2 protein chains.
Amino acid sequence: MSEKRKQIIEAAAKSFSLFGYKATTMDQVAKMANVGKGTIYTFFKSKEELLEEIVSSIISEIKREADVAIDQRLSFNENVQRALQRIFTFRKEHELTIKLLQEVRDIGTPAVRDVMKRLDREMIAYVREKIEEAMTKGEIRSCDAELTAFLMFKMYIALNVDWEKEHEPLSQQKIAELFHLYLLKGLSR
Amino acid sequence: MSEKRKQIIEAAAKSFSLFGYKATTMDQVAKMANVGKGTIYTFFKSKEELLEEIVSSIISEIKREADVAIDQRLSFNENVQRALQRIFTFRKEHELTIKLLQEVRDIGTPAVRDVMKRLDREMIAYVREKIEEAMTKGEIRSCDAELTAFLMFKMYIALNVDWEKEHEPLSQQKIAELFHLYLLKGLSR
DNA sequence: ATTTTGACTAAATGAACATTTTGGTCATTT
DNA sequence: AAATGACCAAAATGTTCATTTAGTCAAAAT
């Protein structure tokens, strides 16, 4: 890949995570990347496409990390748990995702809202794949994979994000226990 | 209770559900209630308190309806299910809650946001009571009642509200099945 | 020839100001 | 004693205008 393209992505990612999407200007990005503004537009057709590209690579990165957390020797329950934990730890600790989620909450920039929705959709699709694999292997009983992935994801959001709004945060240990107790018991055979 | 007070509440409830909280003026309410504007302030110290009063009575109404849905001869699982179903059916069909939830989504009026949050909290508290009762009676095994009520409520929101944003709505029948399959299996003894 | 650039433009933004609306009060009426 | 609506301060809304910014393109650099 072109060296300039890399510089642009790096500069934009840095600026987005520092100031947010809306507050980042293309002049800013050009300056940080040591590139003329026009050059950006030879690689990306708009500011929005630049954001999409960056979020796409975040999605890949999260999937890669979740994959690493999975250990074929462990059960499906263990693994789906570990994968979700990685996904949400990333979300909680990654500068850029933090900033972008803040921006959606505080000013609701439409482009950012859309792109974070896609991130959620892709995470659900990832979990869905794992569920389908486990079903094929007969590790879990048959179920609607999309619906199950959706519920697992929503439950993790509830435990990791929503609960903290009005209570003491739950430890990852506790979340794992609850997830197991409430969601997995019904699924395992 | 004073006749005028009743007229005011009725007029305000009607106007809120017709035009929303923000778009309703106190002059409007006074006119609809056939009352001088000053009279409103002998019963309510602000527009916000008027809203709070109305939402409080909605909360009572929902609890009453949920109570009616509960049948002591049925199991805890059946009953918590039926109660939650009533709560969400109300939420979906009651003009005023629909309008207020729209207003929070579309313009985020702070007073309305706060009051709808309270409604959610009170519904969780209601479910929590039912869980504590069942625990006392030994109908279900011991658990953190607040956390369990919270998860049940979040799961119902996921199934009733969030799922429909990107998929075909689920029937109440299907929701009941899923709730049973995923959440209750792990709780029953 | 191809890539890179930054001055340029049309549109968006927001600061500053004028105008209107509205929540809440209170002297007066009933 | 209860009810009212004219009144007021403050907030919301509309308007204007200068500034900013996403995106373009003719020219410069390679």
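The values are calculated or read from the model by the stated rules, or taken from the named source; none is laboratory data. The shown structure was predicted, so the numbers you read here are calculated from the model rather than taken from an experiment. Heads up, the Cβs are rebuilt from the backbone with ideal geometry, glycines too, and the neighbour counts pull from every protein chain shown. Just so you know, the surface numbers come from the protein's heavy atoms only, side chains and all, with ligands and any DNA or RNA stripped out. Shrake-Rupley method; radii C 1.70, N 1.55, O 1.52, S 1.80 Å.
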Of the residues in the stretch B:156-170, how many are within 7 Å of another protein chain (Cβ to nearest Cβ), open to solvent by 10 Å² or more (accessible area, probe 1.4 Å) and of a type in the set (A, V, I, L, M, F, W, C)?
1
The stretch B:7-23 residues that are in a loop (DSSP other than H, G, I, E, B), paired with ones that are among the basic types (Lys, Arg) and within 11 Å of DNA strand C (Cβ to nearest atom) (beta carbon under 9 Å, 6 or more apart):
B:Tyr21/B:Lys47
Note on the stretch B:171-189: residues open to solvent by less than 70 Å² (accessible area, probe 1.4 Å), in contact (Cβ under 8 Å) with a residue 12 or more places away in the chain and not in a helix (DSSP H, G or I) are B:Leu187, B:Ser188
Only one of B:Met135, B:Met116 that is more than 18 Å from B:Ile59 (Cα to Cα) and either of a type in the set (D, E, K, R) or assigned by TED's automatic domain parsing to the domain that holds B:Ala158 (or both):
B:Met135
Just name the residue that is nearest to the other protein chains (Cβ to nearest Cβ) out of those in the stretch A:127-149 that are within 16 Å of the chain's Cα centre (by Cα) and either open to solvent by less than 10 Å² (accessible area, probe 1.4 Å) or aliphatic (A, V, I, L, M) (or both).
A:Ala149
Subset of the stretch B:26-60 that is more than 11 Å from DNA strand D (Cβ to nearest atom) and β-branched (Val, Ile, Thr) - its residue that is farthest from the chain's Cα centre (by Cα)
B:Val29
